[in-house]
1. So in the range 158-182, with the set limited to residues that are within 14 Å of the chain's Cα centre (by Cα) and surrounded by fewer than 18 Cβ atoms within 10 Å (Cβ to Cβ), which one is farthest from Arg77 (Cα to Cα)?
2. In the range 127-140, which residues are surrounded by 15 or more Cβ atoms within 10 Å (Cβ to Cβ) and over 26 Å from Val26 (Cβ atoms)?
3. If I ask for residues that are in a loop (DSSP other than H, G, I, E, B) and either among the basic types (Lys, Arg) or out of contact with any helix residue (DSSP H, G or I) (no Cβ under 9 Å at 6 or more places or on another chain) (or both), which ones from the range 112-169 would you list?
4. Of the residues that make up the range 91-107, is at least one under 27 Å from Ala51 (Cβ atoms) and surrounded by 13 or more Cβ atoms within 10 Å (Cβ to Cβ)?
5. So which of Ile132, Ile100 is more than 20 Å from Phe44 (Cα to Cα) and of a type in the set (A, V, I, L, M, F, W, C)?
6. Find all pairs meeting these conditions: Cβ atoms under 9 angstrom apart; at least six residues apart or on different chains; first residue within the range 28-45 and without any contact (Cβ under 8 Å) to a residue 60 or more places away in the chain; second residue part of a strand (DSSP E or B) and among the β-branched types (Val, Ile, Thr).
7. For the range 100-121, give me each residue that is more than 12 Å from the chain's Cα centre (by Cα), in contact (Cβ under 8 Å) with a residue 12 or more places away in the chain and more than 15 Å from Gly63 (Cα to Cα).
8. Return the pairs, sorted by first residue and then second, in which the second residue is at pLDDT below 85 and in a strand (DSSP E or B), the first residue lies in the range 140-168 and is closer than 22 Å to Ile58 by Cα and hydroxyl-bearing (Ser, Thr, Tyr), the beta carbons are less than 6 Å apart, and the residues are 6+ apart or on different chains.
Amino acid sequence: MRSRLMFGVLLGIFLASKLDFNDAVVFKFTNFVCETYNQSWFVFHNCRLKAVSRSKVILNMNGTIFHPAHDISIHGRIFKRANGYKPWLIDIHFDACLYIRKRNQPVVNLVYGLFREFSNINHSCPYVGPQILKDFYLKPELLRLPIPTGDYMLTLQWYFDKKLQFDTNVSFTFVEDLINRN
């Protein structure tokens, strides 16, 4: 199963390098929900979307980690909307501290590449203090993997010391208009 997923990701990256996905693409946020379970470890100060134009929605998130977090793991899943959100292709559990040091997860590289320039979440563990995503918007040119047109939701469950601390759920839409392409 894992080898088929890796083959699919690598094939998608290869095809994306051969095709131009920037024409007639709608790639924007539709919803963002943050929930903390332990406010003595982490608190969200700001968690919202702001529409700046018809095709551009920016995401702002500001939270504070109160104690140094040395052991951070993330459970990430992507759901596709089809009569409700259904599991779709990606369900991954990874060590965030190890990932920041080695960048050894191809699927995580795709997601991290989308928000890296908008965030201060770019150093190795421990994490403590403010964690910020500012004016983050989805750029189709950074999506190196072709995905089918539809509505999606990325759910991330954040664990510090193997205890669930908070969730972030972001919904987005991807529409590629192949008929009106140049």
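The values are calculated or read from the model by the stated rules, or taken from the named source; none is laboratory data. Every value quoted in this text rests on a predicted model; they were computed, and no experiment measured them. FYI the Cβ positions are ideal-geometry reconstructions off the backbone, even for glycines, and counts take in every protein chain you see.
1. This residue is Thr173.
2. Tyr127, Gln131, Ile132
3. Asn120, Lys139, Arg144, Pro148, Thr149, Asp161, Lys162
4. No, because not a single residue in the range 91-107 is under 27 Å from Ala51 (Cβ atoms) and surrounded by 13 or more Cβ atoms within 10 Å (Cβ to Cβ).
5. Going through Ile132, Ile100 in turn, just one is more than 20 Å from Phe44 (Cα to Cα) and of a type in the set (A, V, I, L, M, F, W, C): Ile100.
6. Val43/Thr36; Val43/Thr64; Val43/Ile65; His45/Thr64
7. Ile100, Arg101, Gln105, Pro106
8. Thr149/Glu176
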